[in-house]
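What follows draws every value from the coordinates through simple rules; no lab data is involved. Treat the numbers as computed from the prediction; the structure is a model and nothing was measured. Cβ coordinates were reconstructed from backbone atoms using ideal geometry, including for glycine residues, and neighbour counts include every protein chain displayed.
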Amino acid sequence: MIKNKLALVVAPFVALLSSTAFAQEAAGGGGANKFDAQAMAALGAGLAIGLAVLGGGTGQGRAAAAALEGISRNPGAAGRIQTPMILGLALIESLVLFAFAIAFLLQRNIGG
Amino acid sequence: MPGHSTWFTFLLAGMRDNLSRNAQLIGDSIINGHPPTWMSFEPIVAALFVAAVVLVLAIVARRRLIRLDDMVIPDDRLTLRTFMEIFLGYFYDLAKSMMGAERAKRYFPVIGASAIFVFFSNVMALLPGMPVATSNLNITLGCALVVFVLFNFYGLKVNGWNYIKHLAGPAWYLAWLVLPIELISLCVRPITLSVRLMLNMSVDHLILGIFVSLLALVIPVPLMVLGCLIVLIQTLVFTLLTTIYISLATEHEHH
């Protein structure tokens with residue numbers, strides 16, 4: 001009995017969602033133009049910088065965590081641990097900046 | 001990366017006709033396809049200005065250093081001589097710990113020159129209205145290409161044919177696989193050096209511009225602190241990578 005009630009509640013949502021799929025098929029046949037390319041460029045720029053910062057933040061967090069653990073184990077070696085940590089952080093950040101450059105170059109084409 | 005007018009634009013505007021004609025003669029740029037304008041010469045003028053400033057400071061510091069009878073005793077406060085000692089001494093200690101004292105002394109000119117040029121160029125980004133020489137790919141590519149040519153030259157001079165044989169890897173039957181990978185990673189080094197420095201400086205300038213356009217009073221202060229950090233860190237990264245490349249290229253095989 002409960003299973004039938006769940007299906008009764010979910011069924012209208014399924015019907016509404018499937019109608020949107022039909023709508024997309026009808027509108028997509030207009031032919032590609034430069035606004036489509038600009039829309040894709042905008043989407044690509046946003047995704048590029050978002051994913052890059054995701055990976056870069058994770059990598060930098062792990063590098064800093066390893067450095068902090070090393071310092072906590074051996075406080076006297078803090079100076080010798082700090083320099084390679086800064087170097088590692090800067091190298092990881094340079095990869096994020098490469099993705100930012102791509103996003104910037106994509107974003108320049110929007111708004112024609 | 002967008003550029004804007006700085007104090008040096010007034011200097012360039014006096015020579016505007018000649019610069020426009022020369023810019024048209026250069027042709028299209030490789031990356032954009034746009035021809036350079038008379039304002040494109042600004043980073044070159046900024047880099048020459050930084051080089052002139054560094055030369056004057058170096059001559060003054062050296063004259064003060066020689067004139068002292070007992071140069072072993074440092075001054076009390078932060079003068080030009082003690083600033084140069086701290087700054088270059090840090091990189092010299094770094095080079096000595098990596099390469100040994102004798103090699104560090106022989107190869108320090110290019111390491112110290114890259115450290116000072118990149119540092120003074122980056123510091124000009126913190127002054128409002130001054131052009132940033134290292135936020136242009138032309139300037140940083142010039143620095144990176146000088147480092148690339150020099151560390152290859154030092155490697156070939158010290159090791160000779162062993163330098164290229166070392167790139168082929170440990171075993172002769174793997175050389176067909178290892179040598180292209182090593183060559184590609186060798187040739188990517190100047191590209192990453194230059195692009196990393198250019199992107200860091202121009203993105204920092206861009207973000208500072210955005211936040212200053214929000215509210216020019218209090219909000220830019222943490223970004224200026226971040227800017228100071230980025231200036232120092234990028235100098236450190238450029239010089240450290242130069243030192244590492246030179247020490248890798250010139251280390252002797254017979255241990």
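Can you give the local net charge around A:Ser94? Use residues other than it whose beta-carbon is closer than 15 angstrom to its beta-carbon, Lys and Arg +1, Asp and Glu -1.
Result for the local shell: 0.
Please compute, for the alpha-carbon atoms of the range B:96-220, the extent along each of the three principal axes and give them in descending order in Å.
Largest to smallest, the principal-axis extents are 64, 34, 25 Å.
What FRET efficiency, computed as 1/(1 + (r/R0)^6) with R0 = 35 Å and r the Cβ-Cβ distance, is obtained for B:Ile184 and B:Val146, rounded to the nearest 0.05?
E(calc), rounded to 0.05, equals 0.95.
When a footprinting reagent is the concern and you count Cβ atoms within 10 Å, what order do A:Leu68, B:Leu236, B:Leu167 take, fewest first?
On the way: A:Leu68 13, B:Leu236 20, B:Leu167 17.
So the ranking, lowest neighbour count to highest, is A:Leu68, B:Leu167, B:Leu236.
With 10 angstrom as the radius, rank A:Val53, B:Val225 by how many other C-beta atoms surround their C-beta, starting from the fewest.
Result, fewest neighbours first: B:Val225, A:Val53.
Can you give the calculated 222 nm mean residue ellipticity of chain B, where each DSSP H run of n ≥ 4 adds -39,500 (n - 2.57) and the sum is split over every residue, rounded to the nearest 500 deg cm²/dmol?
It comes out at -25500 deg cm²/dmol, rounded to the nearest 500.
Classify chain B as rounded, prolate or oblate, taking a ≥ b ≥ c as the square roots of the eigenvalues of its Cα gyration tensor: rounded when a/c is under 1.5, otherwise prolate if a/b is larger than b/c and oblate if not. The partial results should precede the final answer.
Details: a/c = 1.87, a/b = 1.24, b/c = 1.51.
Taking the square roots of the gyration eigenvalues as a ≥ b ≥ c, chain B is oblate.
How big is the Cα convex hull of the range A:30-107 in projection, averaged over all directions, in nm²?
Details: hull surface 22.0 nm².
So the mean shadow area of the Cα hull is 5.5 nm².
Residues in the range A:72-112 near a label at A:Leu43, defined as backbone nitrogen under 19 Å from the 7 Å Cα→Cβ point?
Residues passing the 19 Å test: A:103-112.
To the nearest 20 debye, what charge dipole does the protein assembly as shown have about its Cα centre, counting +1 at the Cβ of each Lys and Arg and -1 at the Cβ of each Asp and Glu?
That gives a dipole near 200 debye.
Given 4 °C and 1.567 mPa s, how large is the Stokes-Einstein diffusion coefficient of the range B:183-222 in µm²/s, with Rh as the Kirkwood radius over Cα pairs?
On the way: Rh = 12.0 Å.
The calculation lands on 108 µm²/s.
For the range B:65-147, rounded, prolate or oblate, judged on the Cα gyration tensor with a ≥ b ≥ c (square roots of eigenvalues), a/c < 1.5 rounded, else prolate if a/b > b/c?
Cα axes put the range B:65-147 in the oblate bin.
Distance from the Cα centre of the range B:2-67 to that of the range B:169-201, in angstrom?
31 Å
How large is Rg over Rh for the protein assembly as shown, taking Rg from the Cα atoms and Rh as the Kirkwood inverse mean of 1/r across Cα pairs?
1.07
How far is it, in nm, from the label point at B:Ile59 to the one at A:Ala66 when both lie 7 Å from their Cα along the line to the Cβ?
About 4.8 nm separates the two model spin labels.
What is the extension gain from A:Val9 to A:Ile102, computed as 0.36 nm multiplied by their sequence separation minus the C-alpha to C-alpha distance, in nm to one decimal?
Contour length minus the Cα-Cα distance gives 28.9 nm.
Among B:Thr79, B:Thr134, B:Thr192, which one moves the most in a GNM of chain B with springs linking Cα atoms closer than 10 Å?
B:Thr79
For the range B:204-244, just say rounded, prolate or oblate: build the C-alpha gyration tensor, square-root its eigenvalues into a ≥ b ≥ c, call rounded for a/c under 1.5, and beyond that prolate if a/b exceeds b/c, oblate if not.
prolate
Which one, B:Ile184, B:Ile207, B:Ile116, has the greatest fluctuation when you compute a Gaussian network model over chain B with C-alpha springs under 10 angstrom?
Comparing B:Ile184, B:Ile207, B:Ile116 in the GNM, the peak value goes to B:Ile184.
At a threshold of 8 angstrom on Cα-Cα distance, excluding pairs fewer than six apart, so keeping six or more, what relative contact order does the range B:93-226 reach in percent?
Details: 80 pairs, mean separation 33.1, N = 134.
Here the relative contact order equals 25 percent.
When the dipole is taken about the Cα centre of the range B:49-249, and only Lys, Arg (+1) and Asp, Glu (-1) are charged at their Cβ, what size is it in debye, to the nearest 20?
The dipole magnitude comes to about 440 debye.
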